[in-house]
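**Student:** Have a look at this one before I ask anything.
Each value in this text was obtained by applying a stated rule to the coordinates, not by laboratory testing. Because the structure is predicted, anything quoted here is derived from the model rather than measured. As a convention, Cβ positions derive from the backbone with ideal geometry for all residues, glycine included, and neighbour counts pool all protein chains shown.
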Ligand code: DGY
């Protein structure tokens, strides 16, 4: 690289990542960490060679159309890239990259936390302890769903789905999955493939969602599909909130059709459907999937590896457009 490229960074990043940015680029850093408006993204792109956005920033077709001609690449600090209009970026010849792989284990850990927390009523129990409403231990008290031996339905058997399957196997669960195509047996590791989603739903005592956000997966888990789950099932989502029809999920949690839900992601987050907050059988986390020190550093380094490759004239390893 001759003159260090200018990178507009939309959010505060881990210290080690910002240090590397300062060393190798001319970064425009976000001191107050407030997600930028569309206008601020356009403004930040003036004379910038690259953008480094996060899932909180919507880089719509309109924003892309208004980016400065200087912008040649967008390296998002995330595996998901539904916040970027990929077709519009391609039309303008802007290369887009993401950060897959490095958040697989951290996200799978959070899926297991949600499976266990929702099935074993962790939210209710924690509240009883904090609010001093915990009475004597009771043989009939706080009974939850038995995880060992339960059938775990994995919707989307990509890297994260498979990492959840490995963990859940250790918990003695019986693994089932639905995916666009069947995995080779080495990757399947004994899990049962269902070619149709309905077949998977029918056997999912616990359903864990791991599909990307696309027009095809919007509100995939609707009232009709929830009805196909076994009575008393548990639903877990660490993928994207728009895969779930919130009204339908909330109705099923209220009626007792579902035993519980464990959610880390929400449609319109952080402005979640307010009724979730009222449900004792909803175990809720604030999009923590990738939130470990090591993972967030690795995501930043992966975004920078992509920028390095691009500006050194190599193909970025994680190019999605
Ligand atoms: C991603 O990278 O897409 C994750 O949702 C962030 O945790």
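**Student:** Sticking with the crude label model, points 7 Å out along Cα→Cβ, report the distance from residue 91 to residue 276 in nm, one decimal please.
**Tutor:** Here the modelled spin labels are 3.2 nm apart.
**Student:** Most mobile of 239, 202, 50 per a Gaussian network model of the chain (Cα springs, under 10 Å)?
**Tutor:** Evaluated over the chain, the most mobile residue of the options is 202.
**Student:** How big is the gap, in Å, between the Cα center of segment 230-290 and the Cα center of segment 165-216?
**Tutor:** 19
**Student:** Determine, for each peptide in 16-23, 51-58, the mean count of other beta carbons within 10 angstrom over its residues, then list the peptides with the highest first. Each step should come with its number before you reach the end.
**Tutor:** Numbers: 16-23: 15.6, 51-58: 22.6.
The packing order, highest mean first, is 51-58, 16-23.
**Student:** Where the eigenvalues come from the Cα gyration tensor of the chain, what are the semi-axes √(5λ) of the equivalent ellipsoid, largest first, in whole Å? Kindly include the intermediate steps, with their values, before the conclusion.
**Tutor:** Values: eigenvalues 298, 91, 66 Å².
The answer is 39, 21, 18 Å, longest axis first.
**Student:** OK, next. Report the label-to-label distance for residue 66 and residue 294 in nanometres (one decimal), using points 7 Å from each Cα along the Cα→Cβ vector.
**Tutor:** Inter-label distance under the simple model: 4.2 nm.
**Student:** Follow-up question, since we're still on this one. Using Cα springs under 10 Å in a Gaussian network model of the chain, which residue among 226, 154, 94 shows the largest mean-square fluctuation?
**Tutor:** Comparing 226, 154, 94 in a Gaussian network model of the chain, the most mobile one is 94.
**Student:** Test of understanding: in a Gaussian network model of the chain with alpha carbons linked when under 10 Å, which of 237, 98, 222 would top the mean-square fluctuation ranking?
**Tutor:** 222
**Student:** Can you give the FRET efficiency for residue 189 and residue 131, using 1/(1 + (r/R0)^6), R0 = 25 Å, r = Cβ-Cβ distance, to the nearest 0.05? Mind dumping the intermediate values first?
**Tutor:** Numbers: r = 42 Å, r/R0 = 1.70.
FRET efficiency, residue 189 to residue 131: 0.05.
**Student:** Can you give the convex hull volume per residue for the Cα atoms of segment 16-76, as a whole number of Å³?
**Tutor:** On the way: hull volume 5.4 nm³, N = 61.
In segment 16-76, the Cα convex hull volume per residue is 89 Å³.
**Student:** Does anyone have the angle between helix 246-255 and the longest principal axis of the chain? Alpha-carbon axes, 0 to 90°, nearest 10?
**Tutor:** 20
**Student:** Relative to the longest principal Cα axis of the chain, at what angle does helix 159-170 sit, 0 to 90 degrees, rounded to 10?
**Tutor:** Long axis of 159-170 versus the principal axis of the chain: about 30 degrees.
**Student:** With a 10 Å radius around each residue's Cβ, average the other Cβ atoms per peptide and rank 279-286, 206-213, 173-180, highest first. Don't skip to the end; give the middle numbers.
**Tutor:** Numbers: 279-286: 17.2, 206-213: 24.0, 173-180: 20.2.
Descending mean neighbour count gives 206-213, 173-180, 279-286.
**Student:** So what's the angle, to the nearest 10 degrees on a 0 to 90 scale, between helix 293-311 and the longest Cα principal axis of the chain?
**Tutor:** 40
**Student:** Moving on to the next point. Assuming 1.567 mPa s and 4 °C, estimate D for segment 34-158 with Stokes-Einstein, Rh taken as the Kirkwood radius over Cα pairs, in µm²/s.
**Tutor:** On the way: Rh = 18.3 Å.
Translational diffusion coefficient: 71 µm²/s.
**Student:** Right, here's the next one. Take the Cα pairs of segment 151-279, get the Kirkwood Rh, then feed it into Stokes-Einstein at 20 °C and 1.002 mPa s and tell me D in µm²/s. The partial results should precede the final answer.
**Tutor:** On the way: Rh = 14.7 Å.
Value of D from the Cα-based Kirkwood radius: 146 µm²/s.
**Student:** Given the rule -39500 (n - 2.57) for each run of at least 4 DSSP H residues, summed and divided by the residues of the chain, what is its mean residue ellipticity at 222 nm, to the nearest 500 deg cm²/dmol?
**Tutor:** Values: 12 runs with 111 residues, N = 321.
After summing the helix terms and dividing by residue count, I get -10000 deg cm²/dmol.
**Student:** Would you please calculate the Kirkwood hydrodynamic radius of segment 183-233 over all C-alpha pairs and express it in Å, rounded to one decimal? Spell out each step's value before the answer.
**Tutor:** Values: mean 1/r = 0.0807 Å⁻¹.
Here the Kirkwood hydrodynamic radius works out to 12.4 Å.
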